[in-house]
Amino acid sequence: MEDNKCPKPIRCKAAVCRAAGEPLVVEEIVVEPPKAHEVRIKIVCTSLCHSDVTFWRMKDFPGVFPRIFGHEAFGVVESVGEHVEGFAAGDAVVPTFLAQCGECPDCKSSRSNVCSKYRFMVRPGMPRDETTRFVDANGSPVYHFLGVSSFSEYTVVDVTQVVKVDPSLPPPTACLLSCGATTGVGAAWKLAKVEPGSSVAIFGLGAVGLAVAEGARICGASKIIGVDLNPEKQELGKKFGVTHFINPKELGEKTVSQAIIEMTDGGADYCFECIGLAALMSDAFQSSRAGWGKTIILGVEMHGSPLSIPSHEILHGKCVMGSLFGGVKPKDDIPILADKYLNKELELDKFITHEVPLKDINTAFDLLQQGKSLRCTIWMDK
Amino acid sequence: MEQSTAKKPIRCKAAVSKVAGQPLEMVEVDVAPPRAHEVRIRILCTSLCHTDVTFWRMKDFPAMYPSILGHEAAGVVESVGEEVVEVSPGDTVVPVFSGQCGDCPDCLSDRSNICSGLPFRFLPGMPRDGTTRFAFAGTGEPIHNFINVSSFVEYTVVDVAHLVRLGPGLMIPPDKACLLSCGVSTGVGAAWKVAAVEPGSTVAVFGLGAVGLAVAQGSKMRGAKRIIGVDLNPDKCEIGKRMGITEFINPNDTGGKAVSEVIKEMTGGGADYCFECIGSTAVTAEAFSSSRMGWGKTIVLGVASGAAAPISIPSYEILRGRSVVGSLFGGLKPKTDVPLLAQKYLDEELELDEFVTHEMGFDDINGAFDLLTQGKCLRCIIWMDGASAKENGNGGVNVKPKQNGTLV
């Protein structure tokens, strides 16, 4: 039983990455107590998001090693640091990579979800003091990832990045709301504000893309076109509301944008890029309708390449926008999405395709890279 | 006088572009009568917009030769083709390169001003049948139209979807009406409709030509608190301030710092709205970098030349809540919105007089090109000589603008 008044360091297991692209190693680490404005969380389960993979592969800055990855998770508050209000030991919470301080102009405005007081950055340490809370068996620091680091039995997260959730949520479902599902559903619902009868095109039917489809579905879109190189995504997509499927390899001479323009009689109202490839961002833009077509960029570009927009085309009333976390304010909107799930308006269980114990976490990486999974739940205690 | 020319070709003067970048040649042309859905207009005055210059310099498609350039004008209806009920001979009209058919999903929606019924295309002739109404007098060799208007000619034929009627209640001087035909409407419209600048906003305007200054005007009308003007020409600072600019940046005077760095410093993170009013993809990228994370919008108005590189946006930057949007004609629906701007001018809410920096006769039109390319003018109003149509070799009645500017 931990003493909340004076939390102590905790010895526990974590999956540590010691070199870019190398399998994670489950090791013993020590997790220090939460400092002021921080919360220590006992992770119940976590899942792998492609953004973890992108940075896991990165040799150069901001890739740093050794690091504990993971940013999609569900857990229970174990202890809180000084000045933490609203959280107590035992609370069901999800950590989020995006902060919400509630005080800065962005948090105060409904137009923005990117907290400017605690800006999103890929840092090696904690957001306020840049130091780490993890120490390995040799006493060396282990770096954080996005201030979450959920591939560990215990982690320390800044209070601006912790969201209380309804304890009746199944843990693997709550975990999805921590990143992927919220990003996709949020993008359709909050950012694009897809209206009934719209046509939507989604590039990349991973968890984020399918979450966009789910979001577009509950918003009443009439046409949801999914684009993916993996033919298996056609059947899978139908479960998420995808009405038309395009495999770019099976189009012959036609380009994807030509196909979409034909299907929608001029271009889709909303095009979402959910992979992270500049060439696809351009394709998505070309596929949007002149007059009011919006292209929404969600993918984190894998090589840092810029997006290219033909200038004469954008003059025809097109718009390109991007967001982190689907335009969602974590503390305000995750509970709303949780409610939509609990009253069965939003379906999330279909995202979970696999589960493994922590010791088999590398299987999750294999499955994702091979395109065989959407979300693989990684359980801490099993 | 007008009725007697109906249904017949009109022989009159035109300034024709025969070779890319060469001075326009004053020649006699025959202007065919209007076909169905078309209107023949006697141009009262026209002005030079930089987009005319961009196409005048262009060697390859979509530039076509020979052609009659010009798309900013004001005129009077001379005769109408079949099916035209919206305007009658004698009506004051402003032609617009961007159409409004009124029936298509775009015209029926308030989200779009890009008519899909008569979509904007680069055609050598009229929007419905692609043929031209202009020919060289004598040889009969056809002369291409330019973006649905062709105003560097005493008479032109315009599709009714590209025409705005200014009724008797909206009698504004023809040179002011001319400004609403493109440049000023584009700028004011962009601030009002595309960006929807709200009171207290911070705006940055890249390029203080007529469009940029109209953006400044429009932003001021919408209650923007700070309007930062960016231009390489230091003379633009003074006129800019008269048009609503609150601060001025000359990129050559920043001590080597990028303009976006300067703007981010000045504004504590970036402007709410950044307008590109030049037609440079490099400047568009700079404008994007100058916009605020979270909600910063970049609005692209400038028309780049055909060979221009695409706009390059750093992909991590766009994830931080920024957006880029473009528009033609400032997002305005011509028939619906141009009369509203004319009313705002009459109500003294919209300043138009300062845009007219020079006036000249039609024969001096090449002087306008010099002034604009040298950055020495905003709008040169080119006045036609009056009704000098020579159907029978008779002279016409000279119509000159009155001192107080109302149309005859």
Among B:THR246, B:THR46, what's the order by accessible area (1.4 angstrom probe), most exposed first? B:THR246, B:THR46
Sequence of A:HIS83, B:HIS144 from largest to smallest accessible area, 1.4 Å probe: A:HIS83, B:HIS144
Which percent of the accessible area of the protein assembly as shown is formed by carbon and sulfur heavy atoms (probe 1.4 angstrom)? 52
With every protein chain kept in the model, how would you rank A:ASP349, A:ASP283 by accessible area, 1.4 Å probe, largest at the top? A:ASP349, A:ASP283
Taking each residue in A:297-310, count the Cβ atoms of any other chain within 10 Å of its Cβ, then average. What number comes out? 5
Any idea how far the Cα center of segment A:223-273 sits from the one of segment B:116-154, in Å? 39
Estimated FRET transfer efficiency when R0 is 22 angstrom, pair A:VAL76-A:ALA36 (beta carbons, to 0.05): 0.55
Starting from the Cα of A:SER109, move 7 Å in the Cα-to-Cβ direction to define the label point; list residues of segment A:185-206 whose amide nitrogen is under 16 Å from there. A:191
Kindly report the accessible area of the protein assembly as shown per residue (heavy atoms of protein chains, probe 1.4 Å, no ligands, DNA or RNA), in Å². 37
Enter the mean number of other protein chain beta carbons within 10 Å of the beta carbon of each residue in A:285-292, as an integer. 4
Members of A:LYS193/A:LYS344; A:LYS223/A:LYS294; A:LYS108/A:LYS190; A:LYS190/A:LYS340 lying beyond 22 Å, as alpha-carbon distances in this model show: none
Kindly rank B:282-288, A:327-333 from highest to lowest mean number of other beta carbons found within 10 Å of each residue. B:282-288, A:327-333
Partner chain Cβ atoms within 10 Å, averaged over the residues of B:288-297 - can you pull that number for me? 4
Counting each DSSP H run of 4 or more residues in chain B as -39500 (n - 2.57), what helix-only mean residue ellipticity at 222 nm follows after dividing by all residues, to the nearest 500 deg cm²/dmol? -6000 deg cm²/dmol
Gain on full stretching of the segment that runs from B:ASP60 to B:LYS376 - 0.36 nm per residue minus C-alpha separation: 111.0 nm
With θ taken as phi - 60° and the coefficients 6.51, -1.76 and 1.60, list the Karplus ³J(HN,Hα) couplings across segment B:339-356 in order, rounded to whole Hz; mark glycine and proline as x. x, 5, 5, 4, 5, 4, 5, 5, 7, 6, 8, 10, 8, 10, 4, 5, 6, 7
To the nearest 0.05, the calculated FRET efficiency linking A:LYS344 and A:LYS238 through their beta-carbon distance, R0 being 25 Å, is 0.85
Using a 1.4 Å probe on the protein heavy atoms only, what accessible surface does B:LEU108 show? Give it in Å² to the nearest 10. 130
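By the gyration tensor of its Cα atoms, with a ≥ b ≥ c the square roots of the eigenvalues, what is the shape of segment A:36-126: rounded for a/c under 1.5, prolate for a/b over b/c, or oblate?
The shape class here is oblate.
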So how much accessible area does A:GLU345 have, in Å² to the nearest 10, using a 1.4 Å probe? 80
Across segment B:87-95, in residue order, what do the Karplus-derived ³J(HN,Hα) couplings come to in whole Hz, using 6.51 cos²θ - 1.76 cosθ + 1.60 with θ = phi - 60° and x for Gly and Pro? 10, 10, x, x, 5, 7, 9, 10, x
At 0.36 nm per residue, minus the direct Cα-Cα distance, what do B:GLU198 and B:LEU108 gain on full extension? Give it in nm, one decimal, please. 29.9 nm
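For segment A:192-322, what does the alpha-carbon gyration tensor say about shape, rounded, prolate or oblate, given a ≥ b ≥ c as the root eigenvalues, a/c under 1.5 as rounded, and a/b over b/c as prolate?
rounded
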By average Cβ neighbour count within 10 Å, what is the ranking of B:160-169, A:198-207 from highest down? A:198-207, B:160-169
What accessible surface, in Å², does a 1.4 Å probe find on B:VAL93, ignoring ligands, DNA and RNA and rounding to the nearest 10? 0
Compute the Cα gyration tensor for segment B:183-330, then decide on rounded, prolate or oblate, letting a ≥ b ≥ c be the square roots of its eigenvalues: rounded whenever a/c is under 1.5, prolate when a/b is larger than b/c in the other cases, and oblate in all that remain. rounded
Could you state the number of Å between the C-alpha centres of segment A:88-149 and segment B:27-61? 60
Less than 14 Å Cβ to Cβ from A:GLU262, Lys/Arg counted +1 and Asp/Glu -1: what total charge do the surrounding residues give? +1
Cα centroid of segment A:31-84 to Cα centroid of segment B:166-232, whole Å: 49
Cβ-Cβ FRET estimate between B:GLU354 and B:GLU261, R0 fixed at 22 Å, reported to 0.05: 0.10
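The values are calculated or read from the model by the stated rules, or taken from the named source; none is laboratory data. Predicted model, so just to flag it, every value in this text is computed and none were measured. Backbone-built Cβ (ideal geometry, glycine too); neighbour counts: all protein chains shown. Areas reflect the complete protein model, heavy atoms only, side chains present, ligands, DNA and RNA absent. Shrake-Rupley method; radii C 1.70, N 1.55, O 1.52, S 1.80 Å.
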